[in-house]
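Report on one structure; see the data block that follows.
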Ligand SMILES: [Zn+2]
């Protein structure tokens, strides 16, 4: 890593996989977009947290697809569609549902800290 911040997105992406991909994982590769879409969107959220909404929008504009076709059962497991379209779908859902980052992260943090485990609560 060059040490000038130009590869922060890689660190963010891989750290996001500790949750999306490792702790919460897909049952088969057909749905790998969930892991990669969330990790890619985490990159954008990282830049939003450091630079604001305009930085989020600028970063999202770097995710240029491809977008044609389905992201479920992609032609290639690591096809760019699972990263970029996955992130855009989450961005769209965020605007439909409201900011889920804080809700999801807060709920996850509460669950992890209250149970000391990655398992979902049984009640
Ligand atoms: Zn990834």
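No value in this document is a laboratory result; all are computed from the given coordinates. Predicted model, so just to flag it, every value in this text is computed and none were measured. Neighbour counts are summed over all protein chains in view; Cβ atoms, including those assigned to glycine, are modelled from backbone coordinates with ideal geometry.
Is it the case that region 1-15 has a residue that's within 15 Å of residue 90 (Cβ to Cβ), assigned to a helix (DSSP H, G or I), away from the ligand (no atom under 14 Å from the Cβ) and in contact with a helix residue (DSSP H, G or I) (Cβ under 9 Å, 6 or more places away or on another chain)? Don't jump to the end; show me each part of the working.
Quick first cut of region 1-15, residues within 15 Å of residue 90 (Cβ to Cβ) only: 12-13.
Still in the running and assigned to a helix (DSSP H, G or I): 12-13.
Now narrow it down to the ones that are away from the ligand (no atom under 14 Å from the Cβ): none.
Scanning region 1-15 turns up no residue that is within 15 Å of residue 90 (Cβ to Cβ), assigned to a helix (DSSP H, G or I), away from the ligand (no atom under 14 Å from the Cβ) and in contact with a helix residue (DSSP H, G or I) (Cβ under 9 Å, 6 or more places away or on another chain).
So which residues in region 60-87 are part of a helix (DSSP H, G or I) and closer than 16 Å to residue 20 by Cβ, if there are any at all?
First, the residues of region 60-87 that are part of a helix (DSSP H, G or I): 60, 80-87.
Correct list: 82, 83, 84, 85, 86, 87.
Pairs, please: C-beta under 8 Å, at least 6 apart or cross-chain, first residue touching a residue at least 60 places away in the same chain (Cβ under 8 Å) and in region 3-32, second surrounded by 12 or more Cβ atoms within 10 Å (Cβ to Cβ)?
Going by the 8 Å Cβ cut-off, the qualifying pairs are 19/38; 19/108; 23/118.
If I ask for residues that are part of a helix (DSSP H, G or I) and within 12 Å of the ligand (Cβ to nearest atom), which ones from region 21-59 would you list?
Correct list: 32, 33, 34, 35, 36, 37, 38, 39, 40, 41, 42, 43.
Just to be sure, is residue 35 touching a strand residue (DSSP E or B) at 6+ places or on another chain (Cβ under 6 Å) and either surrounded by 11 or more Cβ atoms within 10 Å (Cβ to Cβ) or without any contact (Cβ under 8 Å) to a residue 60 or more places away in the chain (or both)?
Details: touching a strand residue (DSSP E or B) at 6+ places or on another chain (Cβ under 6 Å): yes; either surrounded by 11 or more Cβ atoms within 10 Å (Cβ to Cβ) or without any contact (Cβ under 8 Å) to a residue 60 or more places away in the chain (or both): yes.
Criteria met by residue 35.
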